[in-house]
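The values are calculated or read from the model by the stated rules, or taken from the named source; none is laboratory data. Please read these numbers as outputs of a predicted model, since none were measured by experiment. As a convention, Cβ positions derive from the backbone with ideal geometry for all residues, glycine included, and neighbour counts pool all protein chains shown. Ligands, DNA and RNA are excluded from the accessible area calculation, which covers all protein heavy atoms including side chains. Shrake-Rupley method; radii C 1.70, N 1.55, O 1.52, S 1.80 Å.
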Amino acid sequence: LASVLHFENRVTFGGVADIFTNIFEIPMTPPTSLDICTRGADTVCHKYEEAGEKLKTFDIVNADETGSNQNGKFEWLWGFFTSALAFFVFFPRRGGDILEKILGKNFKGILGCDGWSTYKVFSEKHGILLQRCWAHLIREVKYICKDVKDLDAAYVWIKDIFEKVKKARALKTERIRQKKYHELIAEIDQWIQVYSSYKQTRHLVTLVKNGQEFWFTCVLHPEIEPTNNRAERGIRKFVILEKIMGCLRSEQGKKTTQIMMSLFGTWKLQRLNPYKELRAIL
């Protein structure tokens with residue numbers, strides 16, 4: 001219950017201790033509630049490790065990363081998500097070999113992601129397909145171009161291309177989707193040519209160029225979504241939790257957090273009751 005209150009319901013350790021003391025009449029201090037969650041995570045650590053191995057076998061994985069504060073030291077929390085599994089891991093850098101460490105050298109699935117270069121390096125090294133996030137792109141184009149004279153058409157055009165992507169994904173035959181795939185690549189190349197001459201859109205043009213054909217993987221493979229919303233939603237829970245906590249204060253705290261958030265996230269994706277699943281293991 002202490003783990004569910006803290007990691008699922010974002011109650012502080014002080015709040016957890018207060019609930020046990022004043023509602024259940026079980027005297028508890030904040031350090032004790034922390035210790036209870038730590039011991040619980042240590043007991044179910046083998047389930048976390050099993051999830052990490054299972055992640056490598058999925059055909060579709062979405063990934064995202066967010067900054068984390070450990071006593072003033074900046075690190076990154078990486079989240080990997082499938083339709084039935086969530087896996088979190090802290091890593092000192094936003095780049096490096098994190099993807100190879102987690103997904104493995106033999107991963108052959110499709111990876112949904114944002115535009116960070118680490119994903120592209122992993123793709124080129126191991127020959128895997130990426131699906132770049134259309135939601136990210138549309139937000140960036142909107143921020144720079146909407147309501148700006150001579151540039152608002154860039155935003156309208158990008159949205160129009162995205163609508164064509166969604167319609168192309170619904171086409172029944174692979175042959176027709178392949179034709180649409182090449183048409184969409186040609187159209188986004190036109191967008192690049194038109195807006196390469198504008199100073200304000202140079203960043204956007206580079207962003208689109210770096211995505212290359214990976215903006216349209218979802219047309220050839222409709223099983224992957226055109227956005228990375230699954231990963232963004234999954235990692236948002238930690239962002240809120242850290243705002244409440246302030247920061248993580250130890251290596252053990254990081255370990256406990258990544259274990260419990262992974263298991264609770266996985267159980268919720270599988271529509272299981274996190275409290276009952278954890279209790280059954282403990």
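Rounded if a/c is under 1.5, else prolate if a/b is larger than b/c, else oblate: which is region 187-253, with a ≥ b ≥ c the root eigenvalues of its Cα gyration tensor?
On the way: a/c = 3.91, a/b = 1.87, b/c = 2.09.
It comes out oblate by the Cα gyration axes.
For region 230-282, report the accessible area per residue in Å² (1.4 Å probe, heavy atoms, rounded to an integer). Don't skip to the answer; put the middle values down first.
Numbers: 2910 Å² over 53 residues.
In whole numbers, region 230-282 has 55 Å² accessible per residue.
Given the peptides 173-179, 265-271, arrange them by the average over their residues of other C-beta atoms within 10 Å, most packed first.
Values: 173-179: 12.3, 265-271: 16.6.
By packing density, highest mean first, the sequence is 265-271, 173-179.
Going by the alpha-carbon gyration tensor, a ≥ b ≥ c the square roots of its eigenvalues, is region 72-222 rounded (a/c under 1.5) or, if a/c is not under 1.5, prolate (a/b greater than b/c) versus oblate?
oblate
Quick one: net charge around E223, please, counting Lys, Arg +1 and Asp, Glu -1 for every other residue with C-beta under 15 Å from its C-beta. List each step's numbers first, then the result.
Numbers: positive: K108, K166, R169, K172, R177, R230; negative: D59, E174, E225.
With Lys, Arg at +1 and Asp, Glu at -1, the neighbours total +3.
Under 5 Å between amide hydrogens, which residues at least 5 positions from I224 or on another chain qualify, with H placed 1.01 Å from N in the peptide plane?
Excluding prolines and chain starts, which carry no amide H, there are no hits.
Just need the relative contact order of region 1-79 here, percent rounded to a whole number, with Cα pairs under 8 Å and 6+ apart. The partial results should precede the final answer.
Numbers: 55 pairs, mean separation 14.1, N = 79.
Over region 1-79, the number comes to 18 percent.
Residues of region 106-133 with backbone nitrogen within less than 17 Å of a virtual label 7 Å along the Cα-to-Cβ line of I192, please, listed as ranges.
115-117, 120-121, 124, 130-133
Mean separation of Cα pairs under 8 Å and 6+ residues apart, divided by the residue count of region 1-146: what relative contact order is that in percent?
The normalised contact order for region 1-146 reaches 15 percent.
Could you give the spread of the C-alpha atoms of region 51-132 along their three principal axes, from largest to smallest, in whole angstroms?
37, 26, 20
Would you mind checking the tilt of helix 251-269 against the longest principal axis of the Cα atoms of the chain, expressed as 0 to 90 degrees and rounded to 10?
So the helix axis and the longest Cα principal axis differ by about 70 degrees.
With runs of 4+ DSSP H residues as the only contributors, calculate the mean residue ellipticity of the chain at 222 nm using -39,500 (n - 2.57) per run, divided by the residue total and rounded to the nearest 500.
-18000 deg cm²/dmol
Please report, in cubic angstrom per residue, the volume enclosed by the convex hull of the alpha-carbon atoms of the chain.
Taking the convex hull of the Cα positions in the chain, it is 152 Å³ per residue.
Calculate what fraction, in whole %, of the accessible area of region 78-154 sits on carbon and sulfur atoms when a 1.4 Å probe is rolled over the protein chains.
52
What lysines could a cross-link reach from K167, if we take a straight Cα to Cα line under 23 Å and drop same-chain neighbours fewer than 8 places away?
Filter leaves K142, K159, K179, K180, K209.
Quick one: dipole size for region 1-105, taken about the Cα centre, charges +1 on Lys/Arg Cβ and -1 on Asp/Glu Cβ, in debye to the nearest 20.
240
With a point put 7 Å past each Cα toward its Cβ, work out how far K167 is from I23 in nm, to one decimal.
Label at K167, label at I23, 5.2 nm between them.
Find out how many positive minus negative residues lie around C145, taking Lys and Arg as positive, Asp and Glu as negative, among other residues whose Cβ is under 14 Å from that of C145.
+2
Could you tally the net charge around K237, taking each other residue with its Cβ under 9 Å from the Cβ of K237, Lys/Arg +1 and Asp/Glu -1? Spell out each step's value before the answer.
Working: positive: R10, R233, R236; negative: E8.
For residues surrounding K237, the net value is +2.
What is region 153-280 by shape, rounded, prolate or oblate, if you read a ≥ b ≥ c off the alpha carbon gyration tensor as root eigenvalues and call it rounded for a/c under 1.5, prolate for a/b larger than b/c, and oblate otherwise? Write down the numbers at each step before the final one.
Values: a/c = 3.71, a/b = 1.78, b/c = 2.09.
The shape class here is oblate.
Using 21 Å as the Cα-Cα cut-off, could you pick out the over-long pairs in K125/K199; K146/K243; K101/K166; K105/K125; K54/K243; K164/K199?
Details: K125/K199 33 Å; K146/K243 31 Å; K101/K166 33 Å; K105/K125 9 Å; K54/K243 31 Å; K164/K199 27 Å.
Listed pairs above 21 Å: K125/K199; K146/K243; K101/K166; K54/K243; K164/K199.
How big is the charge dipole of the chain about its Cα centre, in debye rounded to the nearest 20, if each Lys and Arg gets +1 on its Cβ and each Asp and Glu gets -1 on its Cβ?
Value, rounded to 20: 520 debye.
For region 107-251, with only Lys/Arg (+1) and Asp/Glu (-1) charged at the beta-carbon, what is the dipole magnitude about the Cα centre, in debye rounded to 20? Show your work: numbers first, answer last.
Values: 27 positive and 18 negative charges, 60 e Å.
With Lys and Arg at +1 and Asp and Glu at -1, about 280 debye.
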